[in-house]
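Trainee: Have a look at this one before I ask anything.
Derivation of every value follows stated rules applied to the coordinates shown; laboratory data play no part. Please read these numbers as outputs of a predicted model, since none were measured by experiment. Neighbour counts run over all protein chains shown; Cβ positions are idealised from the backbone, glycine included.
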Amino acid sequence: MATLISVDFQHCFMYIILLCLFSLLCYSLFFRKPKGTRVGCDLPPSPPSLPIIGHLHHLLSSLTHKSLQKLSSKYGPFLHLRIFSVPIILVSSASVAYEIFKAHDVNVSSRGAAAIDESLLFGSSSFIYAPYGDYWKFMKKIFATKLLRPQVLENSRGVRAEELKRFYRRILDKARKNENIEISKESAMLMNNILCRMSMGRSFSEENGEAERVRGLVGESYALVKKIFFAATLRRLLEKLRIPLFRKEIMGVSDRFDELLERIIVEHKDKLEKEHQVMDMMDVLLAAYRDKNAEYKITRNHIKSFFVDLFVGGTDTSVQTTQWTMAEIINNPNILQTLRKEIDSVVGKSRLIHETDIPNLPYLQAVVKEGLRLHPPGPLLIRTFQERCEMKGFYIPEKTTLVINAYAVMRDPDSWEDPDEFKPERFLSYSRSGQEDEKEQTLKYLSFGGGRRGCPGVNLGYIFVGTAIGMMVQCFDWKIEGDKVNMEETYGGMNLTMVNPLKCTPVPRTQPFSFTSNLEILSS
């Protein structure tokens, strides 16, 4: 009997010890206040939360941006959230976002820890996910001077014109066969071909399945983005528990990208030695890679990661913007007629729209901006406070995740009249006053992010989307099933996408254009 009591006591003592250890772990992971919290300086207001998980349930929605928008409309535009022990600052106001980018831009110019450091996808060699520092500055400088400089864009204008003609001919062929098209798929081919030809002097072949493989890799990358967002949000918790999430999927996609890009790099290895060769972005990066005196010594992985960023981040934003904006145009016949009247008066019906026409088409520019306002490609801007700071009298600990809800900012009724309606005219009134337009862009318009980590390819994006939409409106009428396009949205990883992709049947409204370029000779 004494032995049994002794054994039971030992078991009970073990359970007590385990319970104490578990309680200490829970306290350490879920309830302990961040280090460095200042006495007498409170965190921003926080909505009611659930035990242990905090506000995690608000981020698990398929429409996270809308869940957070509702939270902010009820509790305020500047909130402190908690996911387990991880602090998050949620901003849903133009004025607060402006203050952050004005006073704390450098502090929030990093996106947080890389998911898997050695991965081409979301790793430390990525330009998009790299911390703010020498490497990021070097790559942005190359990007701005070698790909987006006015003279470079002028030299590559012919490439974009050729691809627009290809785009036109594909749609015309479908129209002649009375076949419907999926706007996102057709525009993805356009955007992919333009970016690839501008950056690496070639496009991916449809014939040998190369283009389809790339689209598949990009699709898999988008599917991983939302998972990576949660992994980044919970990074400190995961590090403590030593849980490597999604490593297999991330490295699988990364390895296949690596194989593809290594083959392309090999194709370029002798290109720099040729005389009078027009250099593309791949050549520029390879030259920097070989330059022993380069401002920053980049590696082969840096080059590959740059192109992964370009494929993943540079294509789908333009594709989704084109799809959403065309859906809004089709749903608003008066806007369609106004836009078409402007294009006909400037361009006419005897030639295809050129990108040089866009500065003379203010209503087209306004339509694109309004599409981006209502349907921003990246509805949530994610940053990290690298150092502790104070804002509006509140304390923000270091390594706090910053989430700016660009979707909510650009639908804020305090900043926008009729914020949920598609009204391109609002941008015409702003453009008549340069000062007001600048204020508009800075304070309220976050379609391309904000601060020094905002998208560097803004002007190129406007060209891509403007010419694509301009051609589709100029050359075709569009038939859909039903009276209206279904505008239901979902968060497809990185960007806002349509639950039901836009499918419609093009009907020619102009005589087919005849082109005399080399492209036409080859295609015939």
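Trainee: Can you give me the long-range amide H partners of Ser46? Hydrogens built in the peptide plane at 1.01 Å from N, cutoff under 5 Å, separation of 5 or more residues or another chain.
Mentor: Correct list: His80.
Trainee: To the nearest 0.05, how large is the calculated FRET efficiency for Lys185 and Lys292 if R₀ is 51 Å and r is the Cβ-Cβ distance?
Mentor: FRET efficiency, Lys185 to Lys292: 0.70.
Trainee: Straight-line reach from Lys177: which aspartates and glutamates have Cα under 17 Å away, leaving out those fewer than 8 places along the same chain?
Mentor: The reachable aspartates and glutamates, counting only those whose Cα sits under 17 Å from Lys177, are Glu186, Asp477.
Trainee: Give the residue from Ala144, Leu217, Pro131 lying farthest towards the positive end of the charge dipole for region 27-523; charges sit on Cβ (+1 for Lys and Arg, -1 for Asp and Glu) and the dipole is referred to the Cα centre.
Mentor: In region 27-523, that residue is Pro131.
Trainee: Shifting gears a bit: Based on the inverse mean of 1/r over its pairs of different Cα atoms, what is the Kirkwood hydrodynamic radius of region 277-404, in Å? Let's see the in-between values first.
Mentor: On the way: mean 1/r = 0.0516 Å⁻¹.
Across region 277-404, the inverse of the average 1/r is 19.4 Å.
Trainee: If you put +1 on each Lys and Arg Cβ and -1 on each Asp and Glu Cβ, how big is the dipole of region 27-523 around its Cα centre, in Debye rounded to 20?
Mentor: Dipole magnitude for region 27-523 comes out near 1180 debye.
Trainee: Just for the Cα atoms in region 27-523, what are the lengths along the principal axes, largest first, rounded to whole Å?
Mentor: Largest first, region 27-523 extends 73, 56, 40 Å along its Cα principal axes.
Trainee: Describe numerically, in nm with one decimal, the distance between label points set 7 Å from Cα along Cα→Cβ at Phe394 and at Ser415.
Mentor: 1.6 nm
Trainee: Report the calculated FRET efficiency for Asn500 and Lys141 (r = Cβ-Cβ distance, R0 = 41 Å), to the nearest 0.05.
Mentor: FRET efficiency, Asn500 to Lys141: 0.45.
Trainee: Expected output is a single nm value to one decimal: the length gained when fully extending between Ile52 and Lys349, i.e. 0.36 nm times separation in residues minus the C-alpha distance. What is it? Before the final figure, lay out the partial values.
Mentor: Numbers: separation 297, 0.36 × 297 = 106.92 nm, distance 6.39 nm.
Going from the current span to full extension adds 100.5 nm.
Trainee: How big is the charge dipole of region 305-388 about its Cα centre, in debye rounded to the nearest 20, if each Lys and Arg gets +1 on its Cβ and each Asp and Glu gets -1 on its Cβ?
Mentor: 140 debye
Trainee: Give the order of Ser125, Ser95 when sorted by the count of other beta carbons within 10 angstrom, beginning with the fewest.
Mentor: Values: Ser125 24, Ser95 17.
Fewest-to-most Cβ neighbours within 10 Å comes out as Ser95, Ser125.
Trainee: Could you give the alpha-carbon Rg of region 79-193 over 2.2 N^0.38 Å, rounded to two decimals?
Mentor: 1.58
Trainee: Also, quick follow-up: So if I take the centroid of the Cα atoms in region 153-184 and the same for region 349-415, what is the distance between those two points in Å?
Mentor: 28 Å
Trainee: Could you give the nm distance between label points at Ser73 and Glu212, where each point is 7 Å from its Cα heading toward the beta carbon?
Mentor: According to this spin-label approximation, the distance is 4.4 nm.
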